[in-house]
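K.L.:
Before I ask anything, let me first share the structure, which is written out below as structure tokens.
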Amino acid sequence: MSTHIGAKAGEIAERVLLPGDPLRAKFIAETFLENAVCYNNVRGMLGFTGTYKGKRVSVQGTGMGMPSIGIYAYELINFYGAKRLIRTGTCGSASKEFDLRDVVFAQAAATDSGVLRTRLGSEVAFPPVADFFLLRDAVEAAEGLGKKFKVGTVLSDDLFYNENSEERYALLNKYGVSCVEMECAELFTLGARHGVQTLGILTVSDMIFEDRFCTSEEREQSFTDMMEIALEAI
Ligand code: HPA
């Protein structure tokens with residue numbers, strides 16, 4: 001057991017999908033995994049281990065934001081031996097090139113968060129990047145499944161509700177930062193620090209500069225694409 005995960009040693013796989021929503025972890029386990037067993041219910045942050053096409057996989061909810069995913073990813077890596085971790089979640093698009101339901105592989109994550117300054121000071125801007133080989137596996141998995149995807153840089157934002165954000169998103173968009181979410185930068189940073197492979201596979205759920213967002217039906221279908229790609233890739 002670790003502080004926030006109630007699993008015994010060996011109950012969590014080396015390959016872990018990380019949805020923010022614990023109920024999505026349950027959905028993935030029930031829909032795609034064989035013989036899925038729930039190993040965690042601490043704080044309702046459900047985690048399951050099962051097999052996907054013979055491969056042992058865990059799915060662990062992380063909650064929202066970098067402090068929350070940081071806790072779960074740190075414990076998975078350092079106390080349970082996780083080696084390949086893919087965040088599967090949603091993002092908002094700040095770019096015309098990324099539309100609703102697009103599946104986006106986050107290859108890098110800019111962030112306004114204090115988590116990097118707290119670790120490394122403010123003189124160096126550390127770049128949180130996904131693992132190249134895991135990204136390559138995701139590309140091959142999507143191509144094998146015949147599913148479309150895009151690759152981009154995301155912003156891992158600390159605040160979901162921020163009255164000053166639109167100008168900032170528009171500026172960052174000029175630097176190729178296309179989508180906004182709240183977790184990848186911390187996951188990628190932990191991957192770098194602890195020598196494990198990390199990636200974000202996201203689905204665009206809302207258009208930040210337009211009043212458009214996915215209906216629940218659309219969410220279900222496109223989220224399923226993202227989950228299948230992640231399960232094939234992990
Ligand atoms: N902002 C931050 N995180 C998000 C968004 C967003 O617009 N959409 C989905 N996750």
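K.L.:
When Val124, Val129, Val151 are ordered from fewest to most other Cβ atoms inside 10 Å of their Cβ, what list results?
P.N.:
On the way: Val124 9, Val129 20, Val151 14.
Fewest-to-most ranking of Val124, Val129, Val151: Val124, Val151, Val129.
K.L.:
What cysteines in the chain have no other cysteine with a beta carbon less than 4.7 Å from their beta carbon?
P.N.:
Cys38, Cys184, Cys214
K.L.:
Right, something else. Just Glu166, Glu217, Glu11 to compare: in a GNM of the chain, with alpha carbon springs under 10 Å, which one fluctuates most?
P.N.:
Sorting by GNM fluctuation, first place goes to Glu217.
K.L.:
While we're looking at this one, here's another question. Given only helices, namely DSSP H runs of n ≥ 4 each adding -39500 (n - 2.57), what is the per-residue ellipticity at 222 nm of the chain, to the nearest 500 deg cm²/dmol?
P.N.:
Values: 7 runs with 86 residues, N = 234.
Value at 222 nm, helices only, nearest 500: -11500 deg cm²/dmol.
K.L.:
With springs connecting C-alpha atoms under 10 Å apart, model the chain as a Gaussian network and identify which of Val59, Val103, Val139 has the largest mean-square fluctuation.
P.N.:
Of Val59, Val103, Val139, the most mobile in the Gaussian network model is Val139.
K.L.:
Let me ask something additional. What whole number of Å gives the distance from the Cα centroid of the range 28-51 to the Cα centroid of the range 168-213?
P.N.:
Result: 25 Å between the Cα centres.
K.L.:
Hey, rough spin-label estimate for Lys174 and Asp158, points 7 angstrom out along Cα→Cβ, what's it come to in nanometres?
P.N.:
2.4 nm
K.L.:
Which of Asp157, Asp206, Asp211 comes first, and how do the rest follow, when ranked by fewest Cβ neighbours within 10 Å? Each step should come with its number before you reach the end.
P.N.:
On the way: Asp157 24, Asp206 15, Asp211 6.
Going from sparsest to densest Cβ surroundings: Asp211, Asp206, Asp157.
K.L.:
On the Cα set of the chain, report Rg and Dmax in Å, please.
P.N.:
Here Rg and the maximum Cα pair distance are 16.6, 49 Å.
Rule-based calculations on the coordinates, nothing more; no lab input. As the structure is a prediction and not an experimental result, all values here were calculated from the model. Because the Cβ atoms are built from the backbone with ideal geometry, glycine has one as well, and the counts that use them run over all protein chains shown.
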